[in-house]
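Everything below concerns the one structure shown next.
Please treat every number below as a calculation from the coordinates, not as lab data. This is a predicted model, so every value here is computed, not measured. Here Cβ is always computed from backbone atoms with ideal geometry, including for glycine, and neighbour counts include all displayed protein chains.
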DNA sequence: CAGCATCCCTACAGATACTG
DNA sequence: CAGTATCTGTAGGGATGCTG
């Protein structure tokens, strides 16, 4: 999941490469309307270990989608936010969310085996 | 990347789970306006090995996004197409593509180191 | 609080060869 | 043509413990 600018055969591939990571889309989604600290993010994405969360955040950062601001205070404080470029993803994230909502309704109707 | 209906914390996660696979979005994208045979798909997604391609296609099929039609002829002929449900993903795929296009322009402007 | 460092393991994915 | 089967390596990712 490294960004290697390897020739994409189509733009869809490029987008998925950026937001298709295990927790990336969710992270971006949570940051859509608010700035969040590491621990807040972690609370919102509990399935991610700190290592994973850190890693995904770093990748999003190096792709220019989010910003990371460290406040030199005690105790430490780091804030994550969408960059301007990250904001341009919002329509994409919204369509992901919209479709996901419909999908979840669909499967909760059909399959109640869980 | 198995479909296990494990409780999603948000719909975005669910969508990514379905189309976030390594080649899934690209496959769906190629099927958006045409029916394709295995070999045709493989030509369009050459980076995928036959194993990978088969696997991704099976997952898409079991998620109800694409249909697989086998014609009992010699030589064998199999056709893949979007299901009606798969069609509902088109807006999502389009927004992925739109954004990807812009992104690719952006990085080809900024970084010419490749 | 926000992480980094380690150890460790398995499952993802590549290469290759074979079949109806 | 449209796959399956097997064998294998690598890295994705979990658990745990430590630090500025």
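Laid out as a table, the results:
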| item | result |
| --- | --- |
| Qualifying positions in segment A:33-55 - touching a residue at least 40 places away in the same chain (Cβ under 8 Å) and more than 20 Å from residue A:87 (Cβ to Cβ) | A:38 |
| Members of segment B:57-69 that are within 9 Å of DNA strand D (Cβ to nearest atom) and in a helix (DSSP H, G or I) | B:57, B:58 |
| Boolean, residue A:109 is closer than 17 Å to residue A:25 by Cα, within 14 Å of chain B (Cβ to nearest Cβ), away from DNA strand C (no atom under 16 Å from the Cβ) and in a helix (DSSP H, G or I) | no |
| Test: residue in segment B:8-30 that is more than 10 Å from DNA strand D (Cβ to nearest atom) and more than 11 Å from chain A (Cβ to nearest Cβ) | no |
| Checklist (1) under 30 Å from residue B:86 (Cα atoms); (2) touching a strand residue (DSSP E or B) at 6+ places or on another chain (Cβ under 8 Å); (3) without any contact (Cβ under 8 Å) to a residue 12 or more places away in the chain applied to residue A:104, failing item | (2) |
| Residues of segment A:32-50 that turn out to be more than 10 Å from DNA strand D (Cβ to nearest atom) and more than 12 Å from chain B (Cβ to nearest Cβ), as a count | 10 |
| Some residue of segment A:82-89 being away from DNA strand C (no atom under 12 Å from the Cβ), touching a residue at least 12 places away in the same chain (Cβ under 8 Å) and either assigned to a helix (DSSP H, G or I) or more than 19 Å from residue B:103 (Cβ to Cβ) (or both) | yes |
| Residues within segment B:28-46 that are within 13 Å of DNA strand C (Cβ to nearest atom) and within 20 Å of residue B:96 (Cα to Cα), tallied | 1 |
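Each row is one residue, and each column tells you yes or no for (1) farther than 21 Å from residue A:14 by Cβ; (2) facing another protein chain (nearest Cβ under 8 Å); (3) not in a loop (DSSP other than H, G, I, E, B).
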{"position": "B:52", "(1), (2), (3)": "no, no, yes"}
{"position": "B:55", "(1), (2), (3)": "yes, no, yes"}
{"position": "B:74", "(1), (2), (3)": "yes, no, no"}
{"position": "B:94", "(1), (2), (3)": "no, no, yes"}
{"position": "B:98", "(1), (2), (3)": "no, yes, yes"}
{"position": "B:105", "(1), (2), (3)": "no, no, yes"}
